[in-house]
Every structure is written in structure tokens, then in C-alpha cells.
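Working notes, beginning with the structure itself.
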Amino acid sequence: MREAVTASTVWRRGGSRRLFTFRLRRLAAADSFLIGAGIIIAFIIACALVPSLIAPYSPTAMLTDSIMQAPSSAHLFGTDYFGRDIFSVVVYGSRDSLFIGFASVIVGGLAGGAIGAIAGYAGGWVDSLLMRCNDILMTIPGILLALAIAGALGKGLFNIVLAVAVSSIPGYARIMRAQIISIKGRTFIAASRSVGATPFHIFWKHVLPNALSPLLVMAAIGVGTAILTGSGLSFLGLGVLREIPDWGTLLSQGRGYLTVAWWICTFPGLAITLFVLAVNIIGDRMRDRLDPKKNAKG
Amino acid sequence: MAGVLARRLFSSVLVIVGSLILVFAILYVLPGDPTDTIVDPSIATPEMVANLRHQLGVDQPFYIQFARYFSHMLRGDFGQSLMNSESVLGKILDSFPATLALTAASSFVAVTVGLVLGVLSAIHRNRPIDLIARVVGLFGISMPTFWSGILLIVLLSLKLGWFPAMGSDGWRTLVLPAIALGLVGAGFIVRMVRSSMLDIIDEHFILTLRSKGLTERAVMYKHALRNALIPAITMIGMLVGEMLAGTVVIETVFSRQGIGRIIADALMAKDLPVVQGVIFFSAFVYVIVNTLVDLSYTFIDPRVRRST
């Protein structure tokens, strides 16, 4: 589909030149969204990598003389009932939260991608069998599937990663299969086969590299979804019981103090929202790039 | 028409049975012994555990366990809770009305906000209303519901006292959770409707309609909107399922009754028959909703109607 040049796209491309200056202005406006998103993501990843450089206090230090303080210049996000500095806890907590997001996308994307690729390339009964199983997996809403798995496995970081990963498999499998099938039927694959390339060689060198980009876009957006699902599991109490809570766990700990200290819940939630928002903005842009129709429109 | 209906129903039944096998298999494969839920493993003697395992039937091989579960289920018996021997189906049916009310209210918020903002945003492209719609869309899909729910409690309940923060009696308790859950759906619908409207506005038939002198209002609301609704309806079907699942979190935030609450509590207690029952029940509702959505195309899209 990507190279398909129809009369209407040619017509649009011709028309687009006249709109060049107009589009340039719009591009700049749209990019301020993108720049903001980039800054947010860079900052949060820096928090996860070098929290000690960013957090003013230790995340476990209990400042007994300043318990339950509202946000101020000394404590940007306030303090909790232990006297912990919420900003520092959020900074350190980004580690587990981001780990859940990225690790589950890698596991789920690889597994789903592999299932979709095998189904699409093999075809026949293998395809039917795998895709029927996939359809069934799709009928169970992601958060419920993740809950069941996390609930049965018990609490823990890796169990959450596994639960979130499994719940994301069907989406990846479906998109990969569709992509592989559309590429398999193209002329350059037939050409490769006619010069005697083995099926594995064709798959590895020609089909797979051309099929990857939609999967990568989906994975990029998937990081946001995974963080939402993962922090939801933590919020429900299936989270990681560690000294430094992840964002979802911190938020659920603050719930009991809502009437007296709104800030304990508010800031970890804000961190989740900003990160996911930034991921979605970048994901949108990546998807538009891949879509020739949107690309021509600008 | 009857043929399509029969085929669609048959495949729905297959999917439901499949999801039953899948849920059963997942919970069977995963570690954990149901006897741990009933007796404290540190004081139970091996004989006690073996006895209990025999009583529950978990010492049987997978296919026998599954056959028994399945045949019981066909007779409407979802098993008993390990915690208090209550009937699982009874528990689910008792609290389903509250969940259904929440799902319906959230879907109403999602569809209304989503459609109105999505359409306005596409028609008034690059104007302030478009910017608002896009921001609502982005925030809707990016905010965790437990956070937006808590913000709503802090603002509208604790500070302003407009709505109760918890409970499930009366419509007033429904407002905040429905907004929190509905905003997610609204986010997805706004984005979907906006982009499909924009695609359609570029189509040649819209140019034709304009050139034959139709008013802009008629072009947009009669022709563009109708075509843009088809992908939106597919999405609404999926979203209803997601919102049903989303009640797990929202019912916990607002301390509401409901099947979401049941599953969250059952998970904490490792009460697997209840977990299994609720997941299966949700999958069942999800499949039914999506079957109805598929069938509704027949009425909305004449192309589908003619091809069948």
C-alpha cells in the first residue's frame, strides 16, 4: 500500500506546492507539540537513569519535621505521612514504571510479532489456527487478562511485565500478519523466488524488513498503553512491594489521605499522564509519516 | 439476511467457548494452589490438603476438570467462591446491574462528547474548537482513569461538594465515575471521528455535492457525517467492552458495588473461581455487544446491506 500512487495522490501532490508556505507555518505549529513531547520524555527518562542527580532528597528519607506538607519551594510536590519528599519519590519511582512500560512492550511486541509473522508467512491451517486463537484472546479486554495473569502469578515486577505483555500480544500479532501478507504478494518477492532464494532467505531479507515499520509505530504507542495498564495493576494492589514505590503504587498509597493531602495522589498521576501524553504525540506523528495519504495532505 | 445472522451467531458461540477454554487454561497453567486460599498452608497437614484437593476436584487431569466446569456452566453453575462458598453466578448477577448502569452512563458520556467534539473539530479545522477537541482527545487517551477519578473527587466532591465521592445509590453517585471512565472513550472517539471526517471531506463526492449547490450544513451533517460514522461505530462496540473492563479500576476508586469490585477483591484473596467467572462473564457480554455492532452495519451502511 505504501508505494501506491493513485491519480488522486498525484493530484494532491501537485496541489500541495501552492500551499507550501501555508503548510510550513502549520508544520512549525505542530512541531511545538512534538518538541514539548520530546522534552518531557527526555526528562522522565533522565529521571529513571540518573535519579540521584535530579531528586533533591533521598526517596526513602523520612523528614520527621516536615510531615504532610503542601507543595512549596522546599518540597515541590509536598511530603507524605512518612515525611518523604514526593518529588524525589516520583523521580525514583520512574524507574519501575518505565521498566514495566518498555519491558512489556519488548516482550509483547516480540511474541505478538513472531506469532503474526508465522501466521502470515506460513498461511493455510497454521494461519487459521493461530488467528482463531488470537481472535479469542482479543475478546478478553486487556486489563482483565492482565489482572487474571497478575492475580494468579502473584505480586512482583516481572509478573506485571508478563501480564501486561500477554495482554498486548493479539494487537501486535494482527498487525504483523496483515503486513506480512500484503508484502508476500508483491512482485519483488516473486522475483526473488524466481532466482532461487530459499523461503527463509526471502522472509529474513525481504519480507521482514519491509513489514516492520507499522509494528514499530504500534510498539511506540504501546509503551504508553503498557504504562497505563501496569500502573492500573499497581493501583489495584498487584504492584511491586518495594522500598521505592512505582507511580501506580504511590498513587494508591495516597488515596487514604485524599481529604487532607491531595498532592500525594495528584503528582504521581500527573507524571503518568504527561509521559503517556508525550508518547502518544510522538506516536501520532510516526503514524502520520507512514500513511501516504496523510503525508501528502501535510 | 437470515443466513448472515446464523453465521454470525455461530462464530460468536465459537469465540465464547474458545475464550472459556482460554481463561480456564491460563488459570490452570499458572502456579498457585486453590487449597492455599481455604486453609493456611503453614498449619495444614498433607492429608488435609490432599483431601481438600480431592473434594475440589483439582487433583484430576486438565480435560476432566474442564469438562466438569463446562457442563456445570451450561447448567448455569459457575462454581462456588473459595472464600465463603457463595454461588459465583449469584454474586455476579447481584452486582451486575450497578456495573451495567456505570458502563451505560460512561458510554453515553463517551459517545456524546466524542461525536460532538469530533464533528465540530473536523468542520472547523484549525480553529479554537479544533484545538480544544484535539487536547481533549489526547488527554482522554493518556490519563489513567484512577487519576482522573481522584481529581474529580478532590475538585467536585471534596472542595465543591456537588457530588458524593463514593457509594452506588442513586444517580448522583454515578456522575463522577461516569465522567472519569467516559473521558477515555471520548478521547478515542474524538480522534477517530475527526480523522475519518477529514478523510471524507477530501473525497470527490463531497466536491460534487458542493458544486451542485447543496448548503454546507447539508453536505456536512447529511453526507460527510453519515459516512464518517461507520468506523466510529466499530470503535464504539470495542469501547463498550473496554469500559466494562475499566469498571474494575473505577469501582475501586469510587468504592462502588459491581462486578469490577468483585474481581478486584477476589484477586486479592486468590479466589480463582470468582476471577474465572467474572472474566468469562465479561467476555460473554463483550462478544454480544460486538455481534450487535456488526449487525447494526446492515442498517447503517447500504453497501453492506446489498452485499449480503
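The values are calculated or read from the model by the stated rules, or taken from the named source; none is laboratory data. What you see is a predicted model; the values in this text were computed from it and never measured. Quick reminder, even Gly has a Cβ in these numbers, built from the backbone with ideal geometry, and neighbours come from all protein chains shown.
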Restricting attention to region A:43-67, report how many residues are among the hydrophobic types (A, V, I, L, M, F, W, C) and more than 28 Å from A:Val276 (Cβ to Cβ). 4
Within region A:76-129, track down each residue that is in contact with a helix residue (DSSP H, G or I) (Cβ under 7 Å, 6 or more places away or on another chain), without any contact (Cβ under 8 Å) to a residue 24 or more places away in the chain and within 30 Å of A:Gln253 (Cα to Cα). A:Leu76, A:Thr79
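One line per residue, one yes/no per condition, for (1) at the interface with chain A (Cβ under 9 Å from one of its Cβ atoms); (2) β-branched (Val, Ile, Thr); (3) touching a residue at least 12 places away in the same chain (Cβ under 8 Å); (4) farther than 16 Å from B:Glu251 by Cβ:
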| residue | (1), (2), (3), (4) |
| --- | --- |
| B:Val154 | yes, yes, no, yes |
| B:Gly161 | no, no, no, yes |
| B:Asp169 | no, no, no, no |
| B:Leu174 | no, no, yes, no |
So, restricting to helices (runs of 4 or more DSSP H) that lie completely within region B:1-72, which ones have at least 2 residues that are surrounded by 15 or more Cβ atoms within 10 Å (Cβ to Cβ) and at pLDDT 80 or above? B:2-29
B:Ile141: aliphatic (A, V, I, L, M), in a helix (DSSP H, G or I), over 17 Å from B:Val253 (Cα atoms) and within 12 Å of chain A (Cβ to nearest Cβ), yes or no? yes
Do we have any residue at all in region B:260-277 that's touching a strand residue (DSSP E or B) at 6+ places or on another chain (Cβ under 8 Å) and modelled with pLDDT of 80 or more? yes
Could you please let me know if B:Met238 is touching a residue at least 60 places away in the same chain (Cβ under 8 Å), within 12 Å of another protein chain (Cβ to nearest Cβ) and among the hydrophobic types (A, V, I, L, M, F, W, C)? no
Could you tell me which of the residues B:Val285, B:Val289 is within 14 Å of another protein chain (Cβ to nearest Cβ), in contact with a Gly (Cβ under 9 Å, 6 or more places away or on another chain), part of a helix (DSSP H, G or I) and more than 30 Å from A:Gly239 (Cβ to Cβ)? B:Val289
Please go through region A:151-161 and pick out each residue that is within 8 Å of chain B (Cβ to nearest Cβ), within 20 Å of A:Phe99 (Cα to Cα) and in a helix (DSSP H, G or I). A:Gly151, A:Leu153
Before we move on, is A:Asp135 within 14 Å of another protein chain (Cβ to nearest Cβ) and either at pLDDT below 85 or more than 22 Å from the chain's Cα centre (by Cα) (or both)? yes
Any hit, region A:110-129, residues being surrounded by fewer than 22 Cβ atoms within 10 Å (Cβ to Cβ) and not in a helix (DSSP H, G or I): yes
Of all residues being within 14 Å of chain B (Cβ to nearest Cβ) and assigned to a loop (DSSP other than H, G, I, E, B) in region A:193-244, which is farthest from A:Arg177 (Cα to Cα)? Just the residue, please. A:Leu241
Kindly check whether there is at least one residue in region A:217-240 that is surrounded by fewer than 15 Cβ atoms within 10 Å (Cβ to Cβ) and either under 25 Å from the mean Cα position of the chain (by Cα) or within 24 Å of A:Arg289 (Cβ to Cβ) (or both). no
Can you name the residue in region A:253-272 that is surrounded by fewer than 22 Cβ atoms within 10 Å (Cβ to Cβ) and within 9 Å of chain B (Cβ to nearest Cβ) and is also farthest from the chain's Cα centre (by Cα) among such residues? A:Thr259
Considering region A:154-213 alone, what residues qualify as being among the β-branched types (Val, Ile, Thr) and either farther than 26 Å from A:Met138 by Cβ or free of Cβ contacts under 8 Å to residues at least 12 places away in the same chain (or both)? A:Thr187, A:Ile189, A:Val195, A:Thr198, A:Ile202
May I ask you to say which residue of B:Ser195, B:Ser168 is among the hydroxyl-bearing types (Ser, Thr, Tyr), surrounded by 15 or more Cβ atoms within 10 Å (Cβ to Cβ) and in a loop (DSSP other than H, G, I, E, B)? B:Ser168
Is it fair to say B:Leu93 is away from every other protein chain (no Cβ under 13 Å), part of a helix (DSSP H, G or I) and at pLDDT 80 or above? yes
